[in-house]
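The values are calculated or read from the model by the stated rules, or taken from the named source; none is laboratory data. Everything numeric in this text was worked out from a predicted model, so none of it was measured. Using ideal geometry, Cβ is built from the backbone for each residue, glycine included, and neighbour counts are taken over all protein chains shown. Each accessible area value is taken on the protein alone, full model and side chains, heavy atoms only, with ligands, DNA and RNA left out. Shrake-Rupley method; radii C 1.70, N 1.55, O 1.52, S 1.80 Å.
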Amino acid sequence: MAESKKEKVSELQYIKGVGPVRAAALAKDGILTQQDLLNYFPRNYIDRDAISSFKALSVKLRQEDLFETKSVPKDFSLRNEIITIGQITDSQEKHFGKNRKMLKLTIADGSGGFANIIFWSYTEYYMKTYPVGEMVAISGRAELDIVGRITFNHPEIEKFHPEDEKLYREGRILPVYPMTQAMKSGKWNMRVLRQVVYSAIENQLSLIKENLSELILNKFKLINRTDAFRQLHFPDNIDIVGKAKYRMKFEEVFFFELFLAIRQKKSKVTEPGILMNPKSPRARRLYESLPFSLTSDQKKVIREITDDMKSGSHMNRLLQGDVGSGKTIVALLTMLDVIDNGYQVAIMAPTEILAEQHYHTFTDYMSDFNIKIVQLIGGQKTKARNQILDDIKSGKANIIVGTHAMFESTVAYKNLGLVVIDEQHRFGVAQRSQLKKLGEDSHTVSRVPHILVMSATPIPRTLSMTLYGDLDVSIIREMPLNRKPINTKVVFESQLPEIYDFIKKDISKGHQAFIVFPLVEKSEKLELKSAVEHFDMLKNNIFPELKCGLLHGQMLWYEKEDTMKAFLNKQYDILIATTVIEVGIDIPNATVMLINNAERFGLSTLHQLRGRVGRSSLQSYCFLATKDNYRFEMKRKDVQEEERKAAIIRLKTMEETTDGFNISEVDLKLRGPGDVLGTRQSGLPAFKFLDLVRDGDIITEARREAFSIIEDDPHLRKPQNEILRNEFIKLYKDGKHFFDIA
Ligand code: ADP
Ligand code: MG
């Protein structure tokens, strides 16, 4: 391995203009071959036609002002990169105190407009490298300073070489490649990189092979792969860059959809489901004894599920519904159905607390249903655990509620008919199939249990199709009728006394409250200390006459359980907690949620936390407490720092909407789908070109095409699909074996 790496480094080393130092720098970024260089795409382009004058730019910046509009605009972007060209007209170094220095370069664009470039570090280097008179290309985020002048803070700056300038004046478009730290310290600059990539293109372009069929290229008017590569690196014009990107996006998502289509096809064909008779006496009994009537969405979803299960095919369904939409009861009715058909069922939750809660909810609902419910979680005593394992194995246990502990190989199920996975976004695809496997083994003849996964992470439709493409999706959109929207307000720390009074008043009506603190410290000991300190302070100084409970991540599961139970039974008025209560906890009588240091939480966590209240007909409130200096920042029109800007967008979004779909859309834009959904976890490949949020149309087209091809030719055996088959096997290395398409 090390051997071959060395060899490969030398491959680039001997290219004109590279040499050992530069080759080593590229190797650090994983670029070892000319092919790797071809796959190192520009981040942006210098295009004479697209560059606006500084005057026009400053008008645009003023218009873009994020906080002028009332709500968060649909297409805002925190990193609007601007590329521009200018000549340095002034260079000034300023000293602050003993050793703080700043370099300010002024550049002119030739149309009478100026911009400033500020550097806070390496000032000497920049001053020497970019003297007055030099032509430079700048790329970075532009802002207006106090006097309204365009300012770039630490942008990427590149000398505009006479050759580049010539190309530029001729109207050529110049690629701007991402420059990593390793490259910068390894003697690379943009011009050399461009030249080296250019020669790689000359040498290697013929090796780039088409991977889409003629049919698809024509149908979707895609440019061929070779052209796409060439145009992405050295475009003829900016329109064709768009076409090249479109082609690459299509390709990326198409093969992924093909993968999903094959997987779905396979699971549909080869996995006959366990046939269920939907007339379950105990499900009917529970349904009739519920203290509320189901919403029509809940009913619709139950119908979709029973239709699946009585069809004889195998159910693989995602139930998506915002926090508090009532997914649990849907799962429970389904579970009873399966139990009445003589099968065991399992439901898996991401946390012990949540597993506990399900256990108790089910026990309460069905105390005299003659149903045995057992729990499988970590940290149970050996003796008790062995008893539980026996009950599972013998089939005595009808419902198994648990956490990851349910995967362990010591667990032998008996005729598992249904697996429910709650808060699915917390689990990976691998875990899902692992549980499925255990289910299969629980039958004497291998049979696959039905699978119902539930998620509150409301994600845009195109995205959910891509992510869960092999699942059928049921959505609960409407909330139970009795709900009132939660009143949400950002408050500042100095206002906390008022909030405490508010809490006292609300509790005097018989309601309960949550007070949440972030996990301030990484260390477990410190976390515990901080939770305990807050607890003592609130209990002794603020709410001496009220009963306060404490819940944090370092407690043992049965301690957590006791605390939650006590809170549910109103033995506490206030539950002071860390984010352990984030997922799923259901305390209908709780009406106030106070989140401290709310600026530190991500949007989905804030939404989940807020979802702990407003779960009954009572009016609920959510206070997002943040630092006092945010009071000013939130009104400001030009928050500079990215972190803070994002935090303010999160807080404002929470104030503006309770709709999980809106919230997740903003979240996706702030963080990107990889972070929101955990790319690795979700089983989603890392797309280079495709933007999961914005490219919904392409995803839909590619998906439709992929699925119809597999419908027509499940094994890709037809001659016109040979090219797809080859590429597919290359991309999904075990695809040939696993998906049995040979
Ligand atoms: P989630 O979808 O977040 O898992 P739950 O299933 O925990 O939500 O339901 C939240 C609360 O709403 C529970 O207390 C549940 O009993 C209640 N609930 C569920 N369905 C209805 C309904 N149709 N009408 C009124 N309350 C309901
Ligand atoms: Mg739930």
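Just to confirm the number: angle between the C-alpha axis of helix 660-677 and the first principal axis of the chain, 0 to 90 degrees, nearest 10? Orientation of helix 660-677: about 60 degrees from the principal axis. For a paramagnetic label modelled on Asp628 (point 7 Å from Cα along Cα→Cβ), amide N atoms under 20 Å away belong, within the stretch 484-518, to 490-502. If you plug the beta carbon distance of Thr33 and Glu643 into 1/(1 + (r/R0)^6) with R0 = 41 Å, you get a FRET efficiency near 0.65.
Using only the Cα atoms of the chain, build the gyration tensor, take square roots of its eigenvalues as a ≥ b ≥ c, and label the shape rounded, prolate or oblate: rounded if a/c is under 1.5, else prolate if a/b is larger than b/c, else oblate. Oblate, since a/c reaches 1.5 and b/c is not below a/b.
Here the label points at Lys221 and Ser289, each 7 Å from Cα along the C-beta direction, are separated by 6.3 nm in the simple model. Among the listed pairs Lys60/Lys159; Lys372/Lys414; Lys372/Lys570; Lys645/Lys688, a Cα-Cα separation exceeding 19 Å is found for Lys60/Lys159; Lys372/Lys570; Lys645/Lys688.
So which aspartates and glutamates can Lys279 reach, going by Cα to Cα under 17 Å and dropping same-chain residues fewer than 8 places off? Counting by Cα, and skipping residues close in sequence, Lys279 has these aspartates and glutamates nearby: Glu288, Glu304, Asp307, Asp308, Asp337, Asp340. Just tell me which aspartates and glutamates come within less than 12 Å, Cα to Cα, of Lys55; anything on the same chain fewer than 8 places away is out. Leaving aside aspartates and glutamates fewer than 8 places away in the same chain, those within reach of Lys55 are Asp109. Axis angle, to the nearest 10 degrees, between helix 352-365 and the longest C-alpha principal axis of the chain: 40 degrees.
If you sort Ser91, Ser293 by accessible surface, 1.4 Å probe, largest first, the order is Ser293, Ser91. Note on His161: accessible area is roughly 60 Å² with a 1.4 Å probe, heavy atoms of protein only. In this Cβ point-charge picture (+1 for Lys and Arg, -1 for Asp and Glu), the stretch 351-403 has a dipole of about 300 debye about its Cα centre. One chain, two ends: Gln619 and Lys565. Fully extended at 0.36 nm per residue, the span grows by 17.2 nm beyond their Cα-Cα distance. Separation of the stretch 109-169 and the stretch 80-106 by C-alpha centroid, Å? Value for the Cα centre distance between the two parts: 8 Å.
Quick check: the distance between the Cα centres of the stretch 262-320 and the stretch 693-722, to the nearest angstrom? A separation of 28 Å, based on Cα centres.
If the chain linking Asp90 and Asp236 were pulled fully straight, counting 0.36 nm for each residue of separation and taking away their Cα-Cα distance, it would gain 49.1 nm. Ranking Phe292, Phe369, Phe687 from most to least accessible surface, computed with a 1.4 Å probe over the protein chains only, gives Phe292, Phe687, Phe369. To the nearest 10, the accessible area of Ser185 is 90 Å² with a 1.4 Å probe.
Beyond 27 Å, the tail of the calculated P(r) for the stretch 49-171 holds 23 percent of the Cα pairs. The amide H of Ala142, built 1.01 Å from its N in the peptide plane, has Ile82 as neighbours under 5 Å, considering only residues 5 or more places off or on other chains. If r is the Cβ-Cβ distance from Asp691 to Tyr122 and R0 is 41 Å, what FRET efficiency results, to the nearest 0.05? Calculated transfer efficiency: 0.80.
Solvent-accessible area of Asp145, all protein chains in place: 50 Å² (probe radius 1.4 Å, heavy atoms, ligands and nucleic acids excluded). Taking the accessible area of the chain, probe 1.4 Å, and keeping the other protein chains in place, the carbon and sulfur fraction comes to 51%. Rounded to the nearest Å, what's the spacing between the alpha carbon centres of the stretch 653-673 and the stretch 329-368? Just the number, please. If you average the Cα positions of each part, the centres end up 31 Å apart. Between Leu538, Phe623, Gln35, the Cα set farthest toward the positive side of the dipole of the chain (charges on each charged residue's Cβ, about the Cα centre) is that of Gln35.
Relative to the dominant Cα principal axis of the chain, helix 327-340 is inclined by about 50°.
Spin-label model, His715 to Asp391: label points 7 Å out along the Cα-to-beta-carbon direction sit 4.8 nm apart. With the simple model of a label 7 Å out from the Cα in the direction of the Cβ, Asp49 to Ala108 spans 2.9 nm. Under 5 Å from the amide H of Leu319 lie the amide H atoms of Val453, Met454, Ser455, Ser474, each residue being 5 or more positions distant or on a separate chain, with H modelled from the backbone and absent for Pro and chain starts. About the centre of its Cα atoms, the chain shows a dipole size close to 320 debye [charges on the beta carbon of Lys, Arg (+1) and Asp, Glu (-1) only; nearest 20 debye].
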